[in-house]
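Peer 1: Here it is, the structure in full.
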Amino acid sequence: MIHIHRGSALDVQTEAVLRAIRTDLSPVSPASRDLGHAAGSIVEEHLGRLGSLPLGGAVITPAGDLACDFLIHAVVMSDDEAQTSATVVRAVRNSLRRAVDWGVGSLALPPLGIGVGTTEPEDAARTLVEILSDHLHEGTPPGELTVVVSSDFEESLFRRLVQDFGGDEAGS
């Protein structure tokens, strides 16, 4: 099931949270930075041992001081390349693979791709919902996905699109 939550990923009851980062492991947004700070130094230490990550890649770490068990770090941009629809798609798919590998039952994620370059928000949101819906139809974990939005526009857009893709949306 796909849930839409307006607020912060820190408020969602979930097993894992997806966090968008750059290839150098730095956050790409204030929300990503806040997750990193709230997780604490143990997550930073885990990431520091990895070095840089490839664009479109994803890695899972313990969630440190967060209420969830895991953080999945999705690499959506680098110093050399801006975030694009293609890198977001790769990063989301790889993040879902990490979640499957670890048997994660529930995952919260930001509306990745919204505001990317010249991509229309509707197109980016549709792509994300399509990826999430396809994943749910595969029947592998996580079976509970929560898109964490921060505005009326995002909430309305994602609720409508989730309903268009099969009506599996549940508010939270």
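The values are calculated or read from the model by the stated rules, or taken from the named source; none is laboratory data. The structure presented is a predicted model; accordingly, all values stated were derived computationally and were not measured. Backbone-built Cβ (ideal geometry, glycine too); neighbour counts: all protein chains shown. Accessible surface areas use protein heavy atoms only, side chains included; no ligands, DNA or RNA. Shrake-Rupley method; radii C 1.70, N 1.55, O 1.52, S 1.80 Å.
Peer 1: Loop only per DSSP, at most 14 neighbouring Cβ atoms within 10 Å: give me the trypsin sites (Lys or Arg not before Pro) in the range 1-81, ordered by residue number.
Peer 2: On the way: sites: 6, 19, 22, 33, 49; in loops: none.
Answer by residue number: there is no such site.
Peer 1: Is the shape of the range 1-93 best called rounded, prolate or oblate, per the rule: a/c under 1.5 gives rounded, else a/b larger than b/c gives prolate, else oblate, with a ≥ b ≥ c the square roots of the Cα gyration tensor eigenvalues?
Peer 2: Values: a/c = 1.81, a/b = 1.21, b/c = 1.50.
Oblate.
Peer 1: With a Förster radius of 22 Å, plug the Cβ-Cβ distance of residue 156 and residue 10 into 1/(1 + (r/R0)^6) and report the FRET value to the nearest 0.05. Don't skip to the answer; put the middle values down first.
Peer 2: Values: r = 23 Å, r/R0 = 1.03.
According to the calculation, E is roughly 0.45.
Peer 1: Seen from all sides and averaged, what is the projected area of the convex hull of the Cα atoms in the range 54-113, in nm²?
Peer 2: Orientation-averaged projected area of the Cα hull: 4.3 nm².
Peer 1: What is the helix-to-structure angle for 85-102, meaning the angle in degrees between its Cα long axis and the longest Cα principal axis of the chain, kept from 0 to 90 and rounded to the nearest 10?
Peer 2: Helix 85-102 sits roughly 80 degrees off the main axis of the chain.
Peer 1: Suppose only helical runs count, i.e. DSSP H with n ≥ 4. What mean residue ellipticity at 222 nm does that imply for the chain under -39500 (n - 2.57) per run, divided by all residues and rounded to the nearest 500 deg cm²/dmol? Show your work: numbers first, answer last.
Peer 2: On the way: 5 runs with 69 residues, N = 172.
Taking each H run of at least 4 residues, the total per residue is -13000 deg cm²/dmol.
Peer 1: Which parts of the range 34-73 would a label at residue 24 reach, counting a residue when its backbone N lies under 14 Å from a point 7 Å out along Cα-to-Cβ?
Peer 2: What the label zone holds, given the 14 Å backbone N cut-off, is 51-53.
Peer 1: What do you get for the angle between helix 121-138 and the principal long axis of the chain? Use alpha-carbon atoms, 0 to 90 degrees, nearest ten.
Peer 2: That helix lies at roughly 90 degrees to the long axis.
Peer 1: So, for the range 48-172, what is the accessible surface per residue at a probe of 1.4 Å, expressed in square angstrom? All intermediate terms of the calculation are to be shown ahead of the outcome.
Peer 2: Numbers: 5800 Å² over 125 residues.
With the other protein chains kept in place, the range 48-172 gives 46 Å² per residue.
Peer 1: Most mobile of 142, 30, 62 per a Gaussian network model of the chain (Cα springs, under 10 Å)?
Peer 2: Looking only at 142, 30, 62, the largest GNM fluctuation is found for 30.
Peer 1: Evaluate E = 1/(1 + (r/R0)^6) for residue 52 and residue 163, where r is the Cβ-Cβ distance and R0 equals 45 Å; express this FRET efficiency to the nearest 0.05. Before the final figure, lay out the partial values.
Peer 2: Values: r = 39 Å, r/R0 = 0.87.
After rounding, the FRET efficiency stands at 0.70.
Peer 1: To the nearest 10 degrees, how steeply does helix 152-164 sit against the main Cα axis of the chain, on a 0 to 90 scale?
Peer 2: With rounding to tens, the tilt is 60 degrees.
Peer 1: Using a 1.4 Å probe on the protein heavy atoms, what percent of the accessible area of the range 47-172 belongs to carbon and sulfur?
Peer 2: Details: 2770 of 5810 Å².
So the carbon and sulfur contribution to the accessible surface is 48 percent.
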